[in-house]
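This report refers to the structure that appears directly beneath it.
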Amino acid sequence: MSSNSGIQIPSRLPLLCTHDGVLLPGSTMRISVDTARNMQLVKSRLLKGTSLKSTIIGVIPNTRDPEHDSDELPSLHSIGTAGLAVQVVGSNWPKPHYTLLITGLCRFRVTQLLRERPFPVAEVEQLDKLEQYTEGGQADGELGELSQRFYQAAVQLVGMLDMSVPVVAKLRRLLDSLPRETLPDVLASMIRTSNKEKLQVLDAVDLEERFKKALPLLTRQIEGLKLLQKTRKLRPDDDKRVLAIRKGGVFPGRQFSLDEEVEDEDGDDTAMLEKKVKAAAMPEPALRVCLKELKRLKKMPQSMPEYALTHNYLEMMVELPWSKSTTDCLDIRAARVLLDNDHYAMEKLKRRVLEYLAVRQLKSTLKGPILCFVGPPGVGKTSVGRSIARTLGREFHRIALGGVCDQSDIRGHRRTYVGSMPGRIINGLKTVGVNNPVFLLDEVDKLGKSLQGDPAAALLEVLDPEQNHSFTDHYLNVPFDLSQVLFIATANTTATIPPALLDRMEVLQVPGYTQEEKVEIAHRHLIPHQLEQHGLTPQQLQIPQDTTKDIISKYTREAGVRSLERKIGAICRAVAVKVAEGHKVSRVESPTEQHEGKAYQNTENKDEDSGIASPPEMPIVIDHIALKDILGPPVFEMEVSERLTLPGVAIGLAWTPMGGEIMFVEASRMEGDGQLTLTGQLGDVMKESAHLAISWLRSNAKTYLLANGSADPLEGTDIHLHFPAGAVTKDGPSAGVTIVTCLASLLSGRLVRSDVAMTGEITLRGLVLPVGGIKDKVLAAHRANLKRVIIPKRNEKDLEEIPAHVRADLDFVFASTLDEVLNAAFDGGFPAAVNHPQVVSKL
Ligand code: ADP
């Protein structure tokens with residue numbers, strides 16, 4: 001820079017107007033050029049000119065170039081810095097622009113603007129007389145003293161930096177070799193200063209004033225550094241200081257950084273990562289991989305896409321809970337209390353869960369079976385899982401598997417893919433932050449399968465206690481020990497769980513609830529919970545048992561309690577509005593009366609005046625009328641008795657993944673030639689049942705006097721059998737008895753009893769075989785208010801599972817033959833003419 005001293009700048013200079021940054025003599029700055037006038041200047045002066053003079057331009061700070069070319073040039077700052085364009089880089093992206101590297105030479109003042117277009121050119125007067133500077137010599141008087149103070153401050157600043165860094169050492173040497181007068185400009189552009197402060201230094205044409213303006217800035221920087229070093233001593237990571245300096249740049253035009261957290265981040269990121277890797281207590285193989293990746297990362301430039309990938313990978317690795325775990329605090333007695341408090345009914349399930357926990361308490365390294373709760377939605381499977389986690393004092397994480405059809409969802413993507421990430425198991429572990437959580441694998445029966453591999457196969461590895469201590473996620477590519485994780489699965493049905501997976505699990509059936517159980521659950525758990533959720537108290541809202549029963553029977557039809565909970569939520573919302581309105585009125589009208597129970601009695605008259613509806617008396621009790629107001633007219637009416645007013649209708653009991661259901665079977669006949677038509681989305685087994693039923697009836701038509709005198713009841717007749725709710729596929733053998741009863745009713749013209757439901761598989765010889773899902777089916781019949789249930793004799797043992805009060809309400813008929821079924825299904829029995837065939841006289 002001392003070599004500039006002889007330079008005389010031209011008297012006419014093209015002007016580059018900048019709006020970000022101030023160029024000071026003696027520093028170098030990068031300027032982005034994208035406005036029309038500046039672009040023109042670069043094109044015609046810098047890109048075409050050949051002489052050294054043509055690369056000298058005037059840089060005028062703080063000027064915004066007008067949007068359009070034709071616009072007037074705004075008023076220019078009168079003082080600028082003549083600069084030497086050292087480098088010009090052009091680019092067309094994202095829009096055409098140039099980047100100039102300019103080194104400031106000296107100040108100038110604009111004396112006259114000669115022209116404005118295509119770029120401004122002005123007559124200038126050089127202000128810094130560079131050749132006058134005393135080379136190394138001392139100035140006298142106040143100026144001398146100022147420059148000495150400034151020099152010392154600069155030396156102090158550099159002294160605070162780390163001399164082992166080459167640029168710092170170079171700066172230290174420069175301080176001695178530069179003329180003192182240039183120091184304010186050089187240092188002001190290096191240290192952290194705002195544009196405004198730099199502009200003040202630029203405007204200080206007088207040397208003395210310039211020193212005065214720049215000295216406080218320098219002192220401020222020194223103080224800042226001191227403060228920083230103090231805090232660093234508290235956190236003894238000294239290496240940051242070096243990095244800060246290296247980055248902050250003693251390069252001309254760049255500034256020191258005090259905001260280390262923001263600007264140093266990437267610099268010491270790898271150092272931080274390395275620390276984290278060492279602190280993560282990984283097993284040997286993982287640590288080795290991490291250190292190797294870290295080494296690669298250090299060599300990589302940050303702009304490389306792989307840098308981000310590797311960085312993310314290492315972040316993931318250090319966040320995984322390799323050896324972090326919670327301690328189990330299992331106390332079986334407390335667990336029993338907690339399970340009982342959280343859940344009403346479900347005795348069998350709770351007993352099995354307690355057994356499971358008890359064994360764990362006795363043998364903590366238990367590699368027991370994985371529990372799988374199977375039952376309709378809303379019966380509390382998830383919430384039991386959550387309770388188990390609480391009793392054990394473990395973290396809980398739910399992994400929804402419904403619709404997952406790609407094995408990388410479980411096992412992760414290989415890191416070669418863009419956007420690759422670990423699977424849900426590893427992600428879950430990262431989320432909970434410990435390696436022994438309770439993982440609830442929700443809806444294992446809804447796992448899909450696709451070309452991307454079979455997620456069930458991947459789950460097998462996760463769940464197998466022999467393999468899962470070295471589960472290898474594709475993304476991590478190192479084994480992670482899952483043996484401490486407690487897995488619990490839930491499903492609606494076992495039918496769609498892949499057999500290999502089912503084999504690993506112990507299935508616990510969670511059947512639906514009876515109406516009485518639902519009422520209890522509502523009053524013990526759902527209502528208090530919903531009240532709390534809506535900020536209400538039992539003093540504000542009461543739902544009597546009768547209303548709950550109404551909600552259950554008229555507004556919901558489900559095995560679980562989920563829509564019941566939603567309906568209660570709807571009531572709470574409606575009441576919350578009333579309560580909030582009440583509050584407001586009472587606050588406005590009579591604030592003192594609020595505490596009293598009957599806070600609203602006086603407000604009525606005032607309300608009439610003000611036109612505000614009177615707030616309701618507390619508590620608000622939901623009766624039948626209020627229920628109808630809030631939830632609308634009943635959604636489900638008891639339609640059973642109405643539908644059984646014609647012959648040819650019977651009620652069967654079906655099991656679906658949603659729980660038990662009652663199912664109507666309808667038949668009609670018309671003239672034809674003995675065809676059987678079946679509708680209602682039936683599976684093959686169901687169709688076979690229908691054919692069996694017809695065959696049995698034809699062969700026994702005479703016995704039951706169904707044929708109307710002819711040999712075959714189907715002679716000249718077509719029969720149509722329909723199973724309503726056509727959108728739902730129905731299959732399974734258990735509708736056999738219902739079809740027979742329905743057809744017998746049609747052919748005999750007699751009505752089936754309207755309060756009877758039945759289930760059972762039939763054989764061609766008229767025997768009734770046992771079926772599954774008896775508890776759910778019986779509960780469905782009970783829900784529908786039916787009185788008699790016909791079930792196969794061999795299912796009698798299943799009644800044990802059914803609550804006593806339900807058993808007491810129902811009249812069970814155990815049938816082993818179709819004859820018994822028909823007798824129970826019709827009022828007054830269905831007499832067979834058994835005695836007659838043998839005794840009919842042939843005469
Ligand atoms: P699932 O997982 O079986 O579909 P959830 O566990 O999500 O059902 O249960 C739905 C709601 O019903 C939860 O708020 C739960 O607390 C409640 N619930 C279900 N069964 C019971 C029960 N026996 N006792 C208390 N609350 C229950």
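Of all residues in region 495-508, exactly one satisfies the criterion of being within 15 Å of the ligand (Cβ to nearest atom) and either in a helix (DSSP H, G or I) or touching a helix residue (DSSP H, G or I) at 6+ places or on another chain (Cβ under 8 Å) (or both), namely Leu508. If you check Ala456, Ala491 for being surrounded by 19 or more Cβ atoms within 10 Å (Cβ to Cβ) and within 15 Å of the ligand (Cβ to nearest atom), only one passes: Ala491. Taken as a whole, the condition of being among the aliphatic types (A, V, I, L, M) and modelled with pLDDT under 90 applies to Leu501. Between residues in region 765-776 that are at positive phi and residues that are assigned to a helix (DSSP H, G or I), which pairs lie under 6 Å by C-beta distance while being six or more apart or on different chains? Once the first residue is at positive phi and sits in region 765-776, its partners that are assigned to a helix (DSSP H, G or I) give Gly766/Trp696; Gly766/Leu818. Residues that are closer than 22 Å to Thr327 by Cα and not charged (D, E, K, R) were ranked within region 471-488; the one that is surrounded by the most Cβ atoms within 10 Å (Cβ to Cβ) is Ile488. State which residue is farthest from the ligand (Cβ to nearest atom) when the search covers only region 465-486 and only residues that are modelled with pLDDT of 85 or more and of a type in the set (Asp, Glu). That would be Asp481. Just to be sure, is Glu517 within 12 Å of the ligand (Cβ to nearest atom), closer than 17 Å to Ala345 by Cα and either part of a helix (DSSP H, G or I) or at pLDDT 90 or above (or both)? Taking the combined requirement at face value, the residue satisfies it.
For beta carbons closer than 8 Å, sequence separation of 6+ or different chains, a first residue in region 380-405 that is within 18 Å of Lys446 (Cα to Cα) and part of a strand (DSSP E or B) and a second that is within 13 Å of the ligand (Cβ to nearest atom) and among the hydroxyl-bearing types (Ser, Thr, Tyr), the qualifying pairs are Arg398/Thr382. Of all the numbered requirements in (1) farther than 18 Å from Gln484 by Cβ; (2) more than 16 Å from the ligand (Cβ to nearest atom); (3) surrounded by 16 or more Cβ atoms within 10 Å (Cβ to Cβ), Trp322 misses one, and that requirement is (1). Would you point out the residue of region 391-415, among those that are within 16 Å of the ligand (Cβ to nearest atom) and closer than 24 Å to Pro479 by Cβ, that is surrounded by the fewest Cβ atoms within 10 Å (Cβ to Cβ)? Going through the qualifying residues, I end up with His397. Residue-level check: of (1) within 16 Å of the ligand (Cβ to nearest atom); (2) buried (at least 19 other Cβ atoms within 10 Å of the Cβ), Gly423 misses just (1). Taking only region 432-466 into account, find how many residues are in a loop (DSSP other than H, G, I, E, B) and among the charged types (D, E, K, R). Residues flagged as in a loop (DSSP other than H, G, I, E, B) and among the charged types (D, E, K, R) within region 432-466 amount to 5.
Within region 780-818, the set of residues being at pLDDT 90 or above and in contact with a Phe, Trp or Tyr (Cβ under 9 Å, 6 or more places away or on another chain) comprises Arg788, Val789, Ile790, Ile791, Pro792, Lys793, Arg794, Asn795, Glu796, Leu818. Against the criterion of being modelled with pLDDT under 90, in contact with a helix residue (DSSP H, G or I) (Cβ under 8 Å, 6 or more places away or on another chain) and either loosely packed, with under 14 Cβ neighbours inside 10 Å or not charged (D, E, K, R) (or both), Ser614 qualifies.
Does Ile388 count as among the β-branched types (Val, Ile, Thr) and away from the ligand (no atom under 16 Å from the Cβ)? Here the answer is no, as Ile388 does not meet what is asked. Residues of region 264-284 that are assigned to a helix (DSSP H, G or I), at pLDDT 80 or above and of a type outside the set (Asp, Glu): Thr270, Ala271, Met272, Leu273, Lys275, Lys276, Val277, Lys278, Ala279. Only a single criterion out of (1) within 14 Å of the ligand (Cβ to nearest atom); (2) assigned to a helix (DSSP H, G or I); (3) farther than 27 Å from Ala808 by Cα is not satisfied by Arg524, namely (3).
Summed over region 351-381, residues that are over 15 Å from Glu506 (Cβ atoms), out of contact with any strand residue (DSSP E or B) (no Cβ under 6 Å at 6 or more places or on another chain) and within 16 Å of the ligand (Cβ to nearest atom) total 4.
Considering only residues in region 550-587 that are within 11 Å of the ligand (Cβ to nearest atom) and among the acidic types (Asp, Glu), the one that is modelled with the lowest pLDDT turns out to be Glu558.
Where residues in region 527-539 are surrounded by fewer than 19 Cβ atoms within 10 Å (Cβ to Cβ) and in a helix (DSSP H, G or I), which of them is nearest to the ligand (Cβ to nearest atom)? Here the residue is His529. Any residue that is among the hydrophobic types (A, V, I, L, M, F, W, C), free of Cβ contacts under 8 Å to residues at least 24 places away in the same chain and more than 30 Å from Gly378 (Cβ to Cβ) - is there at least one of those in region 478-487? No, region 478-487 contains no residue that is among the hydrophobic types (A, V, I, L, M, F, W, C), free of Cβ contacts under 8 Å to residues at least 24 places away in the same chain and more than 30 Å from Gly378 (Cβ to Cβ).
The values are calculated or read from the model by the stated rules, or taken from the named source; none is laboratory data. Since the structure is predicted, the reported quantities are computational estimates derived from the model, not experimental observations. FYI the Cβ positions are ideal-geometry reconstructions off the backbone, even for glycines, and counts take in every protein chain you see.
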